[in-house]
Amino acid sequence: VVTNPTGVTQDVRHIVDVMHDDPRVRVVAVFGPEHGFRGTAQAGGSEGTSKDPATGLPVHDTYGKSGKALADIFAASGVDTVVFDIQDVGARFYTYIWTLYDCMVAAALAGKRFLVLDRPNPLSGRAASGPVLERPQASGIGREPVAQAHGMTVAELALLFNGEFVARAAGRRVDLETVRMTGWRRGDLFDATGLPWVPPSPNMPTPRTALAYAGTCLFEGTNLSEGRGTTRPFELLGAEGIDRRWAERVNALGLPGVRFREAYFVPVFSKFEGRTAGGVQLHVHDPRAFDPVRTGIALLVTAKQVWRGFAWRSDHWIDKLTGTPLVRTMIDAGASADEVVAGWQDGLAAFRRTRERYLRYR
């Protein structure tokens, strides 16, 4: 079972415990993604290999592993079927969908069956938006050409991966089965599902965090804080030296579904740890009208306009996050948010056509 703390039933029992207690199922191993099986590690970390004290099962660390190395772990573990059950948040750069992809490729290489238990996309599944990854920018936060906000469930993504990409990496498709949800509709935000929200990672405390994250995680590619180390990660953004002018500038754009408050905060870790940062807090008042990707771009454009200290990370991490150098180069050239958004529409239209073939809910 590939899972983390989000792999729970409606009564918040963990899937590993449920399956282990069921005599019809023989669970032989657990595989943990980024942040670990128990979800204790911060971004870019994992918990290592261990034994689960509740069940005695071996827990293998899959973070950062792919291809033959991961296939060898599957083979050595003795599994015949790999089950994937992790709550995604709907953004291409959230690593769990690439854990899914890497595990599918590894299962194909190892000759294992693959089963995906579906869960809702908390942003809804109405549409894909944002730039589509260009292969030269492929990394652990984006392996294949997928839109920044993909608008798909993990099972739909698995079908897309298997139909479009797995054979390219493994030489053949994986033996894939997906288990559909009942009662979920494409327009449903997470709050409409009645399901419990378990934070998929330490800085994703609520479904509203996920809604902002699909756009504001782009600030990881800058020298501004994306709110890590605060109680409102990805909703608070800022840096030393930023004042009310940023909130005024971005509010003047009249972005749908969101307002921005002048805000000051002191992160307890990450950027500006122990120092006062000034910036904005996002207040999403209409989540159906809110476009996180366009909002993220508008925030980048206006931050660069009002704060002389604005800078991209020196490794151009922003290009990995957006999947293309287009966003960085257009903003540096003085483009408006609408001009930047217009620049990726052809690639997005092509992805939407491909995506349509793999949608399983209406």
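Pick out the one residue from 351, 265, 269, 260 that is closer than 30 Å to residue 119 by Cβ, open to solvent by less than 20 Å² (accessible area, probe 1.4 Å) and aromatic (Phe, Trp, Tyr).
Working: 265 fails: closer than 30 Å to residue 119 by Cβ; 269 fails: open to solvent by less than 20 Å² (accessible area, probe 1.4 Å); 260 fails: closer than 30 Å to residue 119 by Cβ.
After applying the criteria, what remains is 351.
Entry remark, the stretch 218-230: residues being assigned to a helix (DSSP H, G or I) and either among the basic types (Lys, Arg) or in contact with a helix residue (DSSP H, G or I) (Cβ under 6 Å, 6 or more places away or on another chain) (or both) number 2 in total. Is it true that some residue in the stretch 280-301 is open to solvent by less than 50 Å² (accessible area, probe 1.4 Å), more than 19 Å from the chain's Cα centre (by Cα) and farther than 25 Å from residue 90 by Cα? Checking the stretch 280-301: not a single residue is open to solvent by less than 50 Å² (accessible area, probe 1.4 Å), more than 19 Å from the chain's Cα centre (by Cα) and farther than 25 Å from residue 90 by Cα. Close Cβ contacts (under 8 Å, 6 or more residues apart or on different chains) running from residues in the stretch 45-59 that are assigned to a loop (DSSP other than H, G, I, E, B) to residues that are basic (Lys, Arg) and surrounded by fewer than 16 Cβ atoms within 10 Å (Cβ to Cβ) comprise 47/38; 57/51. Where strands (runs of 3 or more DSSP E) fall wholly inside the stretch 123-217, the ranges with 2 or more residues that are farther than 24 Å from residue 109 by Cα and either at pLDDT 95 or above or open to solvent by less than 40 Å² (accessible area, probe 1.4 Å) (or both) are 129-132, 147-149. Just one of the listed residues (256, 199, 207, 233) is without any contact (Cβ under 8 Å) to a residue 60 or more places away in the chain and closer than 29 Å to residue 138 by Cβ, and it is 233.
When 50, 66 are screened for being over 24 Å from the mean Cα position of the chain (by Cα), at pLDDT below 95 and open to solvent by 10 Å² or more (accessible area, probe 1.4 Å), only 50 passes. Against the test of being touching a helix residue (DSSP H, G or I) at 6+ places or on another chain (Cβ under 9 Å), open to solvent by less than 40 Å² (accessible area, probe 1.4 Å) and part of a loop (DSSP other than H, G, I, E, B), the options 237, 255 yield a single qualifying residue, 255. Checked against (1) surrounded by fewer than 20 Cβ atoms within 10 Å (Cβ to Cβ); (2) at pLDDT 95 or above, residue 89 passes all but a single condition, namely (1). Just one of the numbered conditions (1) under 16 Å from residue 102 (Cα atoms); (2) open to solvent by 10 Å² or more (accessible area, probe 1.4 Å); (3) at pLDDT 95 or above is not true of residue 71: (2).
The values are calculated or read from the model by the stated rules, or taken from the named source; none is laboratory data. Only a predicted model underlies this, so the values are computations on that prediction, with no experimental measurement involved. Cβ sites come from the backbone with ideal geometry, for glycine too, and all protein chains shown count toward neighbours. Ligands, DNA and RNA are stripped out before the accessible areas are found, and what is left, the full protein with its side chains, is counted by its heavy atoms. Shrake-Rupley method; radii C 1.70, N 1.55, O 1.52, S 1.80 Å.
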